[in-house]
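> Handing you a structure now.
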Amino acid sequence: YAADIPPQPTGATVNYYLSARTLSGLGAVNPAAAPAQSYVFSIVPAYTLFVTAQPARVGAVTPPYGFSTYPGGLTVHAEAPLYTAASNGVRDTCVGWTGCCSLPSEGTSNAVDFVLNEDTFLVWQWRKAYALAQSASIPGIATAETWWVAGATGVTETAQSQVMVARS
């Protein structure tokens, strides 16, 4: 068996139920309380979300890079990783996003929730980050690795000015 609901205009509310009867007269309805109770859905506009990045598309973001179409009124959760995998002491770090339309114009986090109510774009902002490895000639005195976004001022760990060495 098959049934079609004809196309409806945006803003329409559709109520429906299913009814079946055998040749011998046995019948059933779904939902069980139909026709007093029915299924319902609304026809809402569809909007496009375009996701991209500056200066380049890196990291696995949600929703994915590119164009996606969603029903109007949907709450979208968008998220990018804080950083990508490191390679030779370099990685990309998400420093925020810019956007328009259903989004505020900018944010400094790697996630944003918004209600999609018009065509919208989201641009993840990525910056190169560099590892700063610190060590000392005496093991354990100053050992650290920190990451610094390009253009930031790095701060190093200060080693103790005096160190006691025990003799055995």
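The values are calculated or read from the model by the stated rules, or taken from the named source; none is laboratory data. All values reported here derive from a predicted model rather than from experimental measurement. Reconstructed Cβ throughout: ideal geometry from the backbone, glycine too, with neighbour counts over all protein chains shown. Surface areas here come from the heavy atoms of the whole protein model, side chains and all, with no ligands, DNA or RNA. Shrake-Rupley method; radii C 1.70, N 1.55, O 1.52, S 1.80 Å.
> Restricting the search to region 43-78, which residues are open to solvent by 70 Å² or more (accessible area, probe 1.4 Å), over 17 Å from V115 (Cα atoms) and among the polar types (S, T, N, Q)?
Listed by number, the list holds a single entry, Q54.
> For region 27-42, give me the residue count where each residue is surrounded by 12 or more Cβ atoms within 10 Å (Cβ to Cβ) and not in a loop (DSSP other than H, G, I, E, B).
5
> Can I ask one more? Being over 32 Å from the mean Cα position of the chain (by Cα) and assigned to a loop (DSSP other than H, G, I, E, B) is the filter here, so list the residues in region 9-23 that pass it.
Matches in region 9-23: Y17, T22, L23.
> Restricting to region 101-138, give me the number of residues that are open to solvent by 40 Å² or more (accessible area, probe 1.4 Å) and within 16 Å of the chain's Cα centre (by Cα).
Residues that pass the stated criteria total 7.
> Could you go through region 74-87 and let me know if any residue there is in contact with a Phe, Trp or Tyr (Cβ under 7 Å, 6 or more places away or on another chain), aromatic (F, W, Y) and assigned to a strand (DSSP E or B).
no
> Using beta carbons and a limit of 8 Å, which pairs, at least six apart or on different chains, have the first residue in region 145-163 and within 17 Å of A86 (Cβ to Cβ) and part of a loop (DSSP other than H, G, I, E, B) and the second one open to solvent by less than 100 Å² (accessible area, probe 1.4 Å) and at pLDDT 65 or above?
A150/R127; A150/K128; A150/A129; G154/L132; G154/T146; G154/W148
> Just the residues that are in contact (Cβ under 8 Å) with a residue 12 or more places away in the chain and open to solvent by 80 Å² or more (accessible area, probe 1.4 Å), please, taken from region 17-26.
Y17, L18, S19
> If you scan region 1-16, which residues turn out to be of a type in the set (F, W, Y) and open to solvent by less than 100 Å² (accessible area, probe 1.4 Å)?
The one that is of a type in the set (F, W, Y) and open to solvent by less than 100 Å² (accessible area, probe 1.4 Å): Y16.
> Quick one: count up the residues across region 85-100 that are in contact (Cβ under 8 Å) with a residue 24 or more places away in the chain and either surrounded by fewer than 13 Cβ atoms within 10 Å (Cβ to Cβ) or not charged (D, E, K, R) (or both).
10
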